[in-house]
Amino acid sequence: MHRIFMLLAGVGLLAHAATVSAEQNWEFSVGGFGGWAVHGDTTVQFNQATNLSTGLVEPVDAKATNLRFEDSGTFGAKLTAWHLPRKYSWQPQIGFEIDWTRFTADVPNGQVLPGIGTFQTTGTPLGVVFFGVGPQFAVDNMALNLLFRYPIWTTPDMPQGRWHPYIGVGGGAQRARLSTLGYEETSTSPSVQALGGIKFFVVKYLALFGEAKWTQGWHTFKYETDSYWERYSISTIHLVGGVALHF
């Protein structure tokens, strides 16, 4: 709920800024989007595991590769500010954006993965890792992006162009909430992202856009213990479409 209040407050700030800065060559927009999140396979690291040859839990400096996440829906919102150095020019323009994205990344049950590492007590190679019940992740990604766009078909009334391609890079924070067998834990980590898309203006103040965005975060979960931990990276490509209101 607090994110909704933050977004509403941001909309109010954008509207106010658009009013007081109309003569300063700035354009502001607020938008929403939705689509599909495609996750890359990942490597999970951990420091304890059950030795299948002895049935004992042993310390191990290990990792399991090719862990698969289930793809999911994705949605979010954007608050954007563009600088217009020359209102009637087709020159590239620079912008800044706050981007919030929500999606899930669940681990399917019953995965058997290649394991790399050696049990420290017995010296037995790890061999394979079995995920009987995979964890589920609900993820929020908040980032500040630096954007570049190339306006096409500019006019005095539409200095942003009738349509424009854009690209951007950014960074921020990613929050992942793990759930498994009734247990829940939250991890917040730095995140990075890159994006590119095309925006088309239906009318002067209303635009549609399509976008591809890559996000990645790194998360450690300790399961309320001092001796055990797991580390996951969540790398995702978001294919989305949306609508934006410009001021």
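General observations
- On the stretch given as the range 175-210, residues that are aliphatic (A, V, I, L, M), surrounded by fewer than 19 Cβ atoms within 10 Å (Cβ to Cβ) and within 17 Å of residue 240 (Cα to Cα) total 3.
- Listed by first and then second residue, the pairs linking a residue in the range 105-120 that is in contact (Cβ under 8 Å) with a residue 40 or more places away in the chain to a residue that is of a type in the set (Lys, Arg) and surrounded by 15 or more Cβ atoms within 10 Å (Cβ to Cβ), with Cβ atoms under 8 Å apart and 6 or more places separating them unless they lie on different chains, are 107/68; 108/68; 111/68; 115/63; 116/63; 117/63.
- Of all positions in the range 145-154, none carries a residue that is part of a loop (DSSP other than H, G, I, E, B), hydroxyl-bearing (Ser, Thr, Tyr) and more than 28 Å from residue 212 (Cα to Cα).
- In the range 53-65 there is no residue that is among the hydroxyl-bearing types (Ser, Thr, Tyr), modelled with pLDDT of 90 or more and buried (at least 16 other Cβ atoms within 10 Å of the Cβ).
- Contacts under 8 angstrom Cβ, first residue in the range 184-205 being assigned to a strand (DSSP E or B), partner at pLDDT below 95 and surrounded by fewer than 12 Cβ atoms within 10 Å (Cβ to Cβ), 6 or more apart: 185/224
- Extreme residue, nearest to the chain's Cα centre (by Cα), among residues of the range 127-141 that are among the hydrophobic types (A, V, I, L, M, F, W, C) and crowded, with 20+ Cβ neighbours inside 10 Å: 139
- Residue in the range 123-136 that is under 19 Å from residue 195 (Cα atoms) and among the hydrophobic types (A, V, I, L, M, F, W, C) present: no
The values are calculated or read from the model by the stated rules, or taken from the named source; none is laboratory data. The structure presented is a predicted model; accordingly, all values stated were derived computationally and were not measured. Cβ sites come from the backbone with ideal geometry, for glycine too, and all protein chains shown count toward neighbours.
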